[in-house]
1. Might you check whether a residue that is more than 16 Å from ligand 2 (Cβ to nearest atom), surrounded by fewer than 18 Cβ atoms within 10 Å (Cβ to Cβ), of a type in the set (V, I, T) and in the same structural domain as S405 (by TED's automatic domain parsing) occurs anywhere in region 80-97?
2. Starting from residues that are without any contact (Cβ under 8 Å) to a residue 60 or more places away in the chain and part of a loop (DSSP other than H, G, I, E, B), keep the ones in region 53-79 and report whichever is most open to solvent (accessible area, probe 1.4 Å).
3. Does I177 satisfy being among the β-branched types (V, I, T), open to solvent by 20 Å² or more (accessible area, probe 1.4 Å) and in contact with a Ser or Thr (Cβ under 7 Å, 6 or more places away or on another chain)?
4. Scan region 117-135 and tell me whether some residue there is aliphatic (A, V, I, L, M), within 16 Å of ligand 1 (Cβ to nearest atom) and modelled with pLDDT under 95.
5. Need pairs with beta-carbon distance below 6 Å; first residue under 20 Å from M346 (Cβ atoms) and within region 395-409, second assigned to a helix (DSSP H, G or I) and open to solvent by 20 Å² or more (accessible area, probe 1.4 Å); sequence gap 6+ or separate chains.
6. Can we say G144 is surrounded by 15 or more Cβ atoms within 10 Å (Cβ to Cβ), in contact (Cβ under 8 Å) with a residue 12 or more places away in the chain and not in a helix (DSSP H, G or I)?
7. I'm checking my understanding of the structure. Among residues of region 117-141 that are acidic (D, E) and under 22 Å from the mean Cα position of the chain (by Cα), which one is most open to solvent (accessible area, probe 1.4 Å)?
8. Of everything in region 186-201 that's open to solvent by 10 Å² or more (accessible area, probe 1.4 Å) and within 16 Å of ligand 1 (Cβ to nearest atom), which residue is nearest to I260 (Cα to Cα)?
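The values are calculated or read from the model by the stated rules, or taken from the named source; none is laboratory data. Quick caveat: nothing in here was measured; it's all calculated off a predicted structure. Note: ideal-geometry Cβ built from the backbone for every residue, glycine included; neighbour counts use all protein chains shown. Ligands, DNA and RNA are excluded from the accessible area calculation, which covers all protein heavy atoms including side chains. Shrake-Rupley method; radii C 1.70, N 1.55, O 1.52, S 1.80 Å.
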Amino acid sequence: MSLLIKNIQTLFQMEEGPGPHRRVLKGAAMAELPALNNAWVLCEEEKIAGFGTMESCPDRAERVMDARGKLVLPAWCDSHTHLVFAAAREGEFVDRIKGLSYEEIAARGGGILNSAQRLRDTPEGELLESAWLRLGEIMDSGTGAVEIKSGYGLDTDSELKMLRVAARLSEISPVSIRTTFLGAHALPRQYWNDRSKYIDLICNEMIPRVAAEGLAQYVDVFCDRGFFTVDETDRILETGGRYGLKPKIHANELDYSGGIQVGVKHNAVSVDHLECTGPDEIAALLGSETMPTLLPSTAFFLRLHYPPARAMIDAGLPVALASDYNPGSSPSGRMAFVLSLACIQMNMTPEEAVNAATLNGARAMELEQELGSICVGKTANLLITKPAPSLAYLPYAFGTDPVQSVILRGKLR
Ligand code: NIG
Ligand code: FE
């Protein structure tokens with residue numbers, strides 16, 4: 001099957017070859033977004049087969065789409081979600097409106113523990129059905145690759161159940177899915193007086209089982225005030241490493257927790273959240289290959305202060321953007337809104353935001369050789385916008401849905 005998109009007003013994020021020079025975009029390079037006016041792209045089977053300006057447009061393909069007045073970009077690469085969950089938590093949303101904080105709700109046994117109770121009681125088939133609907137919703141909004149975490153199970157069987165659902169989604173959908181084991185998401189009530197017993201369970205039982213069943217590529221810990229300490233994180237990441245699970249961790253959302261530094265120490269693929277990032281954290285990241293990943297829809301929803309994206313990029317760091325789609329702190333997986341927040345609240349330029357949500361997002365899932373740019377041989381994951389005057393119009397028109405069509409693995413959705 002060949003699919004030609006022609007008369008594209010502007011095509012963005014082309015790459016001549018997935019060379020190492022563009023695999024991670026950092027510092028000033030984040031502002032550079034390749035653009036080609038009056039362009040075409042050809043997809044053959046699942047791959048991108050060519051692109052260029054209309055003078056060189058191929059004259060035939062099995063299917064032809066006209067993108068006059070529209071923009072074409074790589075589909076979003078959303079490198080941090082908790083897409084598998086049993087139920088929404090809109091009651092806690094109302095509690096927060098009435099004055100309780102996210103941490104107060106968690107300390108009362110709500111929050112993540114509330115989701116864990118619901119998840120344990122929900123059969124695997126039902127979890128799959130609801131996650132499938134959410135996956136469809138984010139595909140329609142332009143997402144072509146996603147990372148999905150466990151962490152609402154908090155016992156061995158339930159954690160494995162969540163990861164099996166994510167694995168099944170990967171088999172039945174065209175989205176590229178990466179999975180992360182997040183047993184250390186919150187401390188279950190029965191361990192509140194014996195923390196080390198739960199860390200033992202994670203290290204001695206959960207990680208070995210997850211690895212033996214090949215259910216995750218990554219290990220995560222919510223390393224923050226009121227959740228897991230640096231020493232506990234260190235032990236879990238060390239154990240994960242021995243079982244071939246690379247770290248991608250939650251760090252510095254609620255406090256200067258040391259999470260960024262312990263992530264860097266273990267050569268984490270990414271450290272995510274980073275609302276509490278200062279000069280020491282930036283210095284630690286600068287000497288590393290770890291991708292700082294920002295989740296501004298969580299800061300928006302929980303009314304946290306936003307991560308200092310501008311200072312990070314100006315210091316020479318790369319930044320990735322992700323949705324954190326989950327029922328407690330970001331009940332939305334719409335990447336277009338994440339890009340708007342990045343521009344409006346964190347002073348990222350539209351070009352930086354697109355780089356952060358495509359190539360750098362792909363890098364944060366170690367998929368940058370396959371996804372995240374328009375490059376011959378890469379997987380044909382593209383989005384076509386509704387008519388738009390320019391790139392800046394996309395984050396500017398916040399809250400609207402800018403995506404008209406989505407092509408995943410060369411097929412129109
Ligand atoms: O990324 N910060 C930790 N975990 C999630 C929230 C999970 C929840 O509240 O259910 C997050 O924000
Ligand atoms: Fe998260």
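1. Among the residues of region 80-97, not one is more than 16 Å from ligand 2 (Cβ to nearest atom), surrounded by fewer than 18 Cβ atoms within 10 Å (Cβ to Cβ), of a type in the set (V, I, T) and in the same structural domain as S405 (by TED's automatic domain parsing), which makes the answer no.
2. R60
3. yes
4. no
5. Once the first residue is under 20 Å from M346 (Cβ atoms) and sits in region 395-409, its partners that are assigned to a helix (DSSP H, G or I) and open to solvent by 20 Å² or more (accessible area, probe 1.4 Å) give P395/C343; P395/P350; P402/L394.
6. Considered against the rule, which asks whether it is surrounded by 15 or more Cβ atoms within 10 Å (Cβ to Cβ), in contact (Cβ under 8 Å) with a residue 12 or more places away in the chain and not in a helix (DSSP H, G or I), G144 comes out as yes.
7. Applying the filter and picking the extreme gives E129.
8. Taking the candidates together, the pick is L187.
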